[in-house]
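To start, the structure under review is shown below, and the notes come after it.
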Amino acid sequence: MLTARTFIEAQVYTSVQTAADMSAPAVPPADLQPGVNVTEGETAWTYASPSGDIEIPYASEDASRKVGVPFGLGVSTLIDAAQWAVLAATFARRALTADMAYTGQPGQDRSVVELNWEYAAYAVREALKFLPEDADEVPESAIWSEFGRQALAESPQLVHRAKLFDDLQYYEGTLSDFRALYDGPSSS
């Protein structure tokens, strides 16, 4: 059985595996439903996803929530480094589109803008977890999916240290600027 670090990682993995365009959802995937697509076990939940059953250990989900990392602590065994880099760009495109449409008028929901910029930055951090300290790019062994290999072939710089850090700085900076523009730097 597959193991995810968090429910969010399991849902993103399912989206990547089942989406026709192989990209992440613009908003969080459909709600998990206890007793319907989620069952409790002795040490973990089991998520019955369209991609198959995925186990989410209680300890892993709890630790990730406490630390505030949506995709989980440690390195993913479901989504490879190139997929995370592509997911980051996908979230960023969606954030930019939502950001451009947002004017701060009453009734507008800014959470989609913020969530997508946040997820873009977190996805880059996930790709960076595969990068050895002394390396300029992620090793081939960290790209095991067909989609990841194809993405790397189309964009050889995809998982280079410089690009990943530039992307992270851009996503975090843009989110910070968005928050400062609409109600100050301490917004969440």
Q | Flag if residue 173 is modelled with pLDDT under 95 and under 18 Å from the mean Cα position of the chain (by Cα) | A | no
(Q) Please go through the range 62-100 and give me each residue that is under 15 Å from the mean Cα position of the chain (by Cα) and among the acidic types (Asp, Glu), ordered by number. (A) 80
Q: Please verify whether the range 121-132 includes one or more residues that are out of contact with any Cys (no Cβ under 7 Å at 6 or more places or on another chain), surrounded by fewer than 22 Cβ atoms within 10 Å (Cβ to Cβ) and free of Cβ contacts under 8 Å to residues at least 12 places away in the same chain.
A: yes
Q | Subset of the range 146-167 (residues that are free of Cβ contacts under 8 Å to residues at least 60 places away in the same chain, assigned to a helix (DSSP H, G or I) and not basic (Lys, Arg)) | A | 146, 150, 153, 154, 162, 165, 166
**Q.** In the range 147-161, the residues that are closer than 14 Å to residue 130 by Cα and of a type in the set (A, V, I, L, M)
**A.** 158, 159
Q. In the range 60-114, how many are acidic (Asp, Glu), within 27 Å of residue 142 (Cβ to Cβ) and not in a helix (DSSP H, G or I)?
A. 1
Q) Name the residues in the range 85-100 that are hydrophobic (A, V, I, L, M, F, W, C) and open to solvent by less than 80 Å² (accessible area, probe 1.4 Å), would you? A) 85, 86, 87, 88, 89, 91, 92, 95, 96, 98
**Q.** Whichever residue in the range 116-156 is out of contact with any helix residue (DSSP H, G or I) (no Cβ under 8 Å at 6 or more places or on another chain) and among the hydrophobic types (A, V, I, L, M, F, W, C) and, among such residues, is farthest from residue 78 (Cα to Cα)
**A.** 153
Q: Return yes when residue 109 is without any contact (Cβ under 8 Å) to a residue 60 or more places away in the chain and either more than 23 Å from residue 16 (Cβ to Cβ) or open to solvent by less than 20 Å² (accessible area, probe 1.4 Å) (or both) and no when it is not.
A: yes
(Q) Being open to solvent by 80 Å² or more (accessible area, probe 1.4 Å) and farther than 24 Å from residue 17 by Cβ narrows it down to one residue among 137, 154; which is it? (A) 137
Q) What residue, of 145, 188, is under 23 Å from residue 60 (Cβ atoms), out of contact with any strand residue (DSSP E or B) (no Cβ under 7 Å at 6 or more places or on another chain) and at pLDDT below 95? A) 145
Q. Residues 46, 103, 14: which one is β-branched (Val, Ile, Thr), open to solvent by less than 70 Å² (accessible area, probe 1.4 Å) and modelled with pLDDT under 95?
A. 14
Q) Is it the case that the range 32-45 has a residue that's without any contact (Cβ under 8 Å) to a residue 40 or more places away in the chain, part of a helix (DSSP H, G or I) and within 21 Å of residue 3 (Cβ to Cβ)? A) no
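The values are calculated or read from the model by the stated rules, or taken from the named source; none is laboratory data. Just so we're clear, the structure is a prediction, and the values are computed from it rather than from any experiment. Note that each Cβ is placed from the backbone with ideal geometry, even for glycine, and that neighbours are counted across all protein chains shown. Heads up: the accessible areas ignore ligands, DNA and RNA and are worked out on the full protein's heavy atoms, side chains in. Shrake-Rupley method; radii C 1.70, N 1.55, O 1.52, S 1.80 Å.
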